[in-house]
C-alpha cells in the first residue's frame, strides 16, 4: 500500500516545524515497527474487523473500528453484544437474529471495479435461517447485485456472492456445519484464476475446500452501505462473529495459509493442512505430524499478525504461557491421535496406566515453559485422585515406556488436572498417567463395568442438563437431543440428582447403545425415586427383534419391571416383574440381575432387590440377547417410542455385563447406601470386602443406618451424611477431607420411642430414649455432629450449654459415659457439637444437665408447648407476647389485638382475658407442628368461658385442610377437640359433646386423641373436665401432618378471621405423645393445685407420689385445694383457696417454702352450714363443716 502525505509548513514557526518533524519521524517509526495485518499479509487488505480491537460499547456495541488502516467504522444503534473471553479466550460479537447489525456508511468498495476478492471470517450460527454475514449492494440495475456472504441460509447452504448470486457471480455449497460451533471460513474469487488453488471461485471451511468452479465476473461498486449481520431485507444473523477480513486483490496459497493459520491459532480452530507464521515458515507440519491431526490448536506470538495468543484449549488440553512470550515468532502447536477413551499400559516404571490418547507438539522459536491443564472427563483415567497420583508423560518417539515424568505443580480440581513449568521440546509427545494404578468402580468393582452414570460427575449444563459423561472408562456418554432433566444439587444425602419431568418429555440417550452381541448376563444398580405411579421408564435399549434391555419402575400397575430379552416371564422369558413396594417421593436402591445360570448372588437366574432385600426372583432367562446399535435411553422412550417418560429423579445408574459375586454385590450396594443415606439390609463392606457395619454385632441398632467415609477404589468421598428415612435425626460431617483412604464411620439407632430416660449419671437430668451405635473403620478423625431434636423428647430451645453428647463404651449411660460439649450450639431445634471423636463400638445419645428440665407435673416427654400466664408474658393491657416454657421456643405474639393480663385472677394467679368483640388473639407463626406428622396429641388447658358462642381456644390448620384445635364452648354448648378431619365417625379426627360447664367459671380441660387405645382411659379419643372423662370414642384419623400454618390462641378457627374467644385462659399445654395414666394425673394435679380446681381422684406430685388420697380421704372430697412447692413442676403455690363457689378456707404460707416437695392439700365434708356441739369442754360449739 503506497500513501502520499502532503503537509503545509507555511504557517508554522521554525520551532514548531522542528517539533512537528520530530513527532512525524517518531510516528512513522512506530507505524513501521507495529504495521500489522492478518498473517502478515498486507497487500490489498481492505477491511479488518476483530472483536479484540476497536470495539466501542458492550451491550450494545455501538462502533467497530477497522484495523486495516483504511479508516472504516461500522456503527449502529442496534448493535450486537460484546462477549468477552468467549472463543478460545478471545472476545466475540453476538448478534440476536432480530435486529442486531452494524453498518459502514458508503461501504468499503467505493465505486471502483474489482476482479479479485478474498474474504475470511470466524464465527458461528446459532440458528439455520436466512442470514447475511455481510452485504454491500453493487451495480446499478437488477436485483441480487451484491458483494456478500450468506451462511447458512435457510436452505442449509452457504452462498458466496461476488457481484450477485446469479451464475458466474458466485457459488454456493451445503453449509455442513453444526449450530453453536465456531468455524473459520475462507472465500476466494478471481476472474483470472489468481487464487490459492487456481480456481476462479472457491469456498473453504476450516481450510478444507467445499466447492469451487471456474466462473467469475468482475463488478463495479457504487458506494452503497456495507452491512454486517443483515442485507437490506431484515435477514439478520443469529450467531457470533469474532473476526472479518476482506482483501481486494489476489492471494497466493502461502498467503492464504498464513491468514488461516493466524485465525486458527487465535481462535483454537482445527484447520486442515500445514500452519504457517507471518513469515511463511511452517509452524505445524501436517505430514510430519500425520496421525496427530486432531484438535490442532496452539499458542504463540507473531507481531506482524498482531497475534499474542498466550492461552489456548482443544477442549481437553489447555496450555497457558501465563504471561508474555519472550520474543516474536514463538509458537507451540499440538494435536492428538484421536484414540478411543480408555487406558494403555505403555508407561514407564512406577506407573500402571496412561491415557490411550496422546498428543504431539510442534515448537517454533523459544516459547519457554508453560502451564498445562487437562480435563479428564471421559478420557479413561479416574478424575478425582490426589494430584500426586497423576503425571504428565513427555516422550521423544511416542513410546512412553521410557518417557520423562513431569509432576511439578500438580494440582487437581476434579475433573481438571494441572501442572506448572512444562517445557515440551519440538516434535515430542505427551500423555497423562496414573501413578498408583487405581481404577475406580462402584464399590471398587471395575470388572465388566459397562456404564457408570452418577449425578455428581460428568454433568454438563444444569437447568437443563445437556450431557452426562460415563465414568466407566468406556465413554458411553449420554447426551440430550430434545429436553433434558434438571440437576438438583444437594438433593439426596448432600449429593445431586437429575430430576425428570414427564410432561416435558425429558430424557438422555447414548448413541449406539451399550449392549453388544449375546449379552445374556446383565446386572444393574440404580438409585431413584418415582414421583407418580405411571408409565415410568428408567432406561431402555431396543435389541434385535422385539426384545429390550430395560427397567420400568413404577409402571402404572404399581409394578417394577426388569427385562433383558423378550417380554415373556415364563420359561425362556427375559422379563421379571412384580409389585414395586416403594413409596412415591422416596428414594430406593434398586438391584436387578439376569443371568443364564444360577451362579448369582441369591442363587436364581433373575432377581430384583430393593434396599438390599430380594423381593422378586425366578429361574427363567432368554437364551439369546443381542444389541443392534439402538440408542440407550434414560428417563423415557420405552420400546424407543416417544413416550413413557419418567416423573422422578435418578442419582446413579450402573450397568455390568457380568454377574457379581455376593460379596461384590454387597460392595456395590454398600457404596450406594453410604453415599445416598439408604438404610440397606445386612452388612456393609468397603471396596476391599472388609465389613464396616456388622449387622449381627450391631443387632438392635439397625435403624436408619448410614455413614460417612472415604474409599478411593469406590470413588467414594462422602463427607457428610444423614439417613434419608423419614424422621432421621443425626447428621455427621467430616467438615473437610478425610486424612486417609478407608476411614469410615457408620451408625444406626435402636428405634426407641420418642421420650426420655433417667439412665444418666448425677450430672444430668435425663437423656433421649433413643441411642445410636458406631462402627468405625480406619482413621477418619474427628467430626462435626448435629441432631434435630424435634419431637425426640427433649426440649429443642434450651441454651446450648444445657445439652451434652454422651458417648459410652457399653450403652449404660449411668456411669462411665463421656460428656462431649465442645462447640455446642443450638438453632432452630438443631443441636450441634464440633471436634467429636468416636471409637469403634461406641454408643451415643443426647442428655441435658441436672436442673435443666421441668414440665407440668415434671412430664417432659413429648412436651410441645407450655404457655402459662404467670411466665413469659410481655405487655399487660394488652399483652403483646407469650413465651413458650417448654424449651421449644414456640413463642406467641400478637398480630393485631391482644388480650389483657389479669393479675391474681385465678387462685392468686394471673390469666389472659380475651374479648371476642375486639378480635383478640395470639399467634405462633408457622405453628407448632411444622411439617412433621403426628398420630396423637394430648392437650391440657385451664379455661373460663364467658359466653356460649363460637369460642376458639386454639387452632392450627394442617395438611389436607384438616385441623388441630379446640372450640369450647361452641354456640351449641358443645366442647370440640379435633386432630385431623372434621368427621366424628370411623376414621374421624373430631370428638365433641355437651361441655357441661358453667359460664364464668374456670375448668381444667384434658383433651386426647391417639391411633390406639393405650391411653389413660383406654379409648382413642377423650375429653375430660376437672379430671372426669365426659366424652370418649374409639375412632381416629390415622395421622396428621403439619404445613407450617400458624397456631392461633383465642380465635381464627381454620386460620380465618372468625370465632374469637370471649373468656380467659390461664394455662395451655400440648404434648405430641400419649401420657400414661400416672403422667396424666401428675399434669392434672399440678394444674388443680395451682388454680384451686377440685379435680376428681387422687392428687400426685411430680415424683408420682400421692399427696391427696381420694380413698383415704373419702368423705372430704369437696372443694379440694392445696399449697406447696414442687420444683420439677415449677410449682410454688404459696396461697390457695378453692375456686368452687362458696369456698371458705384460704391457706397462705406467707413466704417461701423451706424445701422442695412440701405440700398441704385439704378438702371438706360438705356438711350443711350450721354448728355442732361435738367439741371438748373448753368450747361451746364448732362448725358443722370439717376439713381434712
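Table for the structure above
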read-out	value
Leading residue by the ranking (nearest to residue 931 (Cα to Cα)) among those in the range 962-1003 that are more than 47 Å from the chain's Cα centre (by Cα) and part of a strand (DSSP E or B)	975
Yes/no for residue 1012 being in a loop (DSSP other than H, G, I, E, B), assigned by TED's automatic domain parsing to the domain that holds residue 1088 and under 28 Å from residue 1078 (Cα atoms)	yes
Some residue of the range 80-102 being under 30 Å from residue 216 (Cβ atoms), more than 41 Å from the chain's Cα centre (by Cα) and in a strand (DSSP E or B)	yes
All positions within the range 721-737 that are more than 30 Å from residue 583 (Cα to Cα) and surrounded by fewer than 22 Cβ atoms within 10 Å (Cβ to Cβ)	735, 736, 737
Tally, over the range 672-684, of residues that are surrounded by 24 or more Cβ atoms within 10 Å (Cβ to Cβ) and over 27 Å from the mean Cα position of the chain (by Cα)	0
Residue that is out of contact with any strand residue (DSSP E or B) (no Cβ under 8 Å at 6 or more places or on another chain), on the phi > 0 side of the Ramachandran plot and touching a residue at least 12 places away in the same chain (Cβ under 8 Å), where the choices are 1044, 1054	1044
Residue among 841, 851, 857 that alone is touching a helix residue (DSSP H, G or I) at 6+ places or on another chain (Cβ under 6 Å) and either in a loop (DSSP other than H, G, I, E, B) or crowded, with 22+ Cβ neighbours inside 10 Å (or both)	857
One residue from 593, 571, 585, 581 being within 23 Å of residue 546 (Cα to Cα) and assigned to a loop (DSSP other than H, G, I, E, B)	571
Elements of type strands (runs of 3 or more DSSP E) contained in the range 292-364, each with 2 or more residues being closer than 27 Å to residue 50 by Cα and touching a strand residue (DSSP E or B) at 6+ places or on another chain (Cβ under 7 Å)	294-302, 307-309, 311-313, 317-320, 330-336, 359-364
Wholly enclosed strands (runs of 3 or more DSSP E) of the range 1096-1188 bearing at least 3 residues in contact with a helix residue (DSSP H, G or I) (Cβ under 8 Å, 6 or more places away or on another chain) and under 21 Å from residue 868 (Cβ atoms)	1118-1126
Tally, over the range 85-99, of residues that are on the phi < 0 side of the Ramachandran plot and modelled with pLDDT of 95 or more	10
Residue within the range 1050-1063 that is surrounded by 20 or more Cβ atoms within 10 Å (Cβ to Cβ) and within 30 Å of residue 1168 (Cβ to Cβ) present	no
Residue 815 vs. criteria closer than 12 Å to residue 761 by Cα and surrounded by fewer than 13 Cβ atoms within 10 Å (Cβ to Cβ)	yes
Out of 825, 809, sole residue that is in contact (Cβ under 8 Å) with a residue 24 or more places away in the chain and in contact with a helix residue (DSSP H, G or I) (Cβ under 9 Å, 6 or more places away or on another chain)	825
Scan of the range 387-400 for residues that are in contact (Cβ under 8 Å) with a residue 40 or more places away in the chain and loosely packed, with under 14 Cβ neighbours inside 10 Å, ordered by number	388, 399
Out of 384, 410, sole residue that is over 30 Å from residue 663 (Cα atoms), surrounded by fewer than 20 Cβ atoms within 10 Å (Cβ to Cβ) and assigned by TED's automatic domain parsing to the domain that holds residue 337	410
Test: residue in the range 614-627 that is touching a helix residue (DSSP H, G or I) at 6+ places or on another chain (Cβ under 6 Å), at pLDDT 95 or above, surrounded by fewer than 24 Cβ atoms within 10 Å (Cβ to Cβ) and assigned by TED's automatic domain parsing to the domain that holds residue 496	no
Lone unmet requirement of (1) surrounded by fewer than 18 Cβ atoms within 10 Å (Cβ to Cβ); (2) within 41 Å of the chain's Cα centre (by Cα) for residue 954	(1)
Residue within the range 884-898 that is assigned by TED's automatic domain parsing to the domain that holds residue 977, at pLDDT 95 or above, closer than 21 Å to residue 1139 by Cα and in contact with a helix residue (DSSP H, G or I) (Cβ under 9 Å, 6 or more places away or on another chain) present	no
Criterion: over 27 Å from residue 1137 (Cβ atoms) and touching a residue at least 24 places away in the same chain (Cβ under 8 Å) - qualifying residue of 923, 905	923
Any hit, the range 526-536, residues being out of contact with any helix residue (DSSP H, G or I) (no Cβ under 8 Å at 6 or more places or on another chain) and surrounded by fewer than 16 Cβ atoms within 10 Å (Cβ to Cβ)	no
Subset of the range 294-309 that is out of contact with any helix residue (DSSP H, G or I) (no Cβ under 8 Å at 6 or more places or on another chain) and either assigned by TED's automatic domain parsing to the domain that holds residue 260 or surrounded by fewer than 18 Cβ atoms within 10 Å (Cβ to Cβ) (or both) - its residue that is nearest to residue 259 (Cα to Cα)	308
Any hit, the range 279-289, residues being under 24 Å from residue 416 (Cβ atoms), in contact with a strand residue (DSSP E or B) (Cβ under 9 Å, 6 or more places away or on another chain) and in the same structural domain as residue 392 (by TED's automatic domain parsing)	no
Set 447, 479, 466: member being within 21 Å of residue 378 (Cβ to Cβ), modelled with pLDDT under 90 and surrounded by fewer than 17 Cβ atoms within 10 Å (Cβ to Cβ)	447
Subset of the range 475-525 [assigned to a loop (DSSP other than H, G, I, E, B) and farther than 27 Å from residue 575 by Cα]	475, 480, 481, 482, 484, 485, 493, 494
Qualifying positions in the range 1161-1170 - in contact (Cβ under 8 Å) with a residue 24 or more places away in the chain and farther than 15 Å from residue 1086 by Cβ	1162, 1163, 1164, 1165, 1166
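Listed here are the residues, each with its yes/no results for (1) more than 23 Å from residue 948 (Cβ to Cβ); (2) modelled with pLDDT of 95 or more; (3) outside any loop (DSSP other than H, G, I, E, B).
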{"residue": "1005", "(1), (2), (3)": "no, yes, yes"}
{"residue": "1016", "(1), (2), (3)": "yes, yes, no"}
{"residue": "1036", "(1), (2), (3)": "yes, no, no"}
{"residue": "1058", "(1), (2), (3)": "no, no, no"}
{"residue": "1061", "(1), (2), (3)": "no, yes, no"}
{"residue": "1080", "(1), (2), (3)": "yes, yes, yes"}
{"residue": "1085", "(1), (2), (3)": "yes, yes, yes"}
{"residue": "1089", "(1), (2), (3)": "yes, yes, yes"}
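The values are calculated or read from the model by the stated rules, or taken from the named source; none is laboratory data. Fair warning: this is a prediction, and the values are worked out from it, not measured in the lab. Glycine also receives a Cβ, built like all others from the backbone with ideal geometry; neighbour counts cover every protein chain displayed.
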